[in-house]
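The values are calculated or read from the model by the stated rules, or taken from the named source; none is laboratory data. Given the structure is predicted, the values throughout are model-derived calculations rather than measurements. Backbone-built Cβ (ideal geometry, glycine too); neighbour counts: all protein chains shown. Ligands, DNA and RNA are excluded from the accessible area calculation, which covers all protein heavy atoms including side chains. Shrake-Rupley method; radii C 1.70, N 1.55, O 1.52, S 1.80 Å.
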Amino acid sequence: KLSGSDVGGSSVTKSLDILIDTLAPVLSEVIATPDPFTPEAGETLNIKYTLSEESIVTLRIHNEKGSIIKTLISSKTQPADANNVFWDGRNNDGILVMPGTYNYRISVTDKAGNYSLLYPLQKIIVVQ
């Protein structure tokens, strides 16, 4: 309850409910298929994941040295429940990546700014 008055003697009282959200969003059921995959043959990698609540998601592909080669989602609001994103095997410059081992990382933040536990790097293999 908030009350206030001015110098003229007028007063006002307002009630306001405040919800404090300290629970981090939960990222689960993460899977990438097919793995390995062959982008040169037209295959596309489908990364599926489930969110416990509407969240802001970033998903990046890294090479073996840890450098980001492709950002698939950058700070985009995704709904609660099952989601997926596709990777065609191209880097941020639109060039097909070389065959090898790559990793993806998903970071998730809810509207209150709570971060999910950082999902560990997940390995995917690109073959020719």
Exception for Glu29 within (1) under 13 Å from Arg105 (Cα atoms); (2) out of contact with any Gly (no Cβ under 9 Å at 6 or more places or on another chain) falls at (1)
If we keep only residues of segment 22-36 that are touching a residue at least 24 places away in the same chain (Cβ under 8 Å) and open to solvent by less than 60 Å² (accessible area, probe 1.4 Å), then the residue nearest to Ile124 (Cα to Cα) is Ala32
When Asn84 is run through (1) modelled with pLDDT under 90; (2) within 14 Å of the chain's Cα centre (by Cα), the failure sits at (1)
Counted residues in segment 57-69 being in a strand (DSSP E or B) and either more than 14 Å from the chain's Cα centre (by Cα) or more than 20 Å from Asn103 (Cα to Cα) (or both) come to 3
Reported set for segment 86-100 where residues are open to solvent by 40 Å² or more (accessible area, probe 1.4 Å) and assigned to a strand (DSSP E or B) is Phe86, Arg90, Leu96
Margin query: Would you confirm whether or not segment 113-126 contains a residue that is among the charged types (D, E, K, R) and either in contact (Cβ under 8 Å) with a residue 24 or more places away in the chain or assigned to a strand (DSSP E or B) (or both)?
Written below: yes
Note: among Leu19, Leu2, Leu45, just one is of a type outside the set (Ser, Thr, Tyr), open to solvent by 70 Å² or more (accessible area, probe 1.4 Å) and touching a residue at least 12 places away in the same chain (Cβ under 8 Å), namely Leu2
Flagged in segment 2-54 as part of a loop (DSSP other than H, G, I, E, B) and at positive phi, in numbering order, are Gly9, Gly42
Residue count, segment 101-117, condition open to solvent by less than 30 Å² (accessible area, probe 1.4 Å) and not polar (S, T, N, Q), comes to 5
Across segment 3-41, the tally of residues that are more than 25 Å from the chain's Cα centre (by Cα) and under 30 Å from Ile95 (Cβ atoms) stands at 2
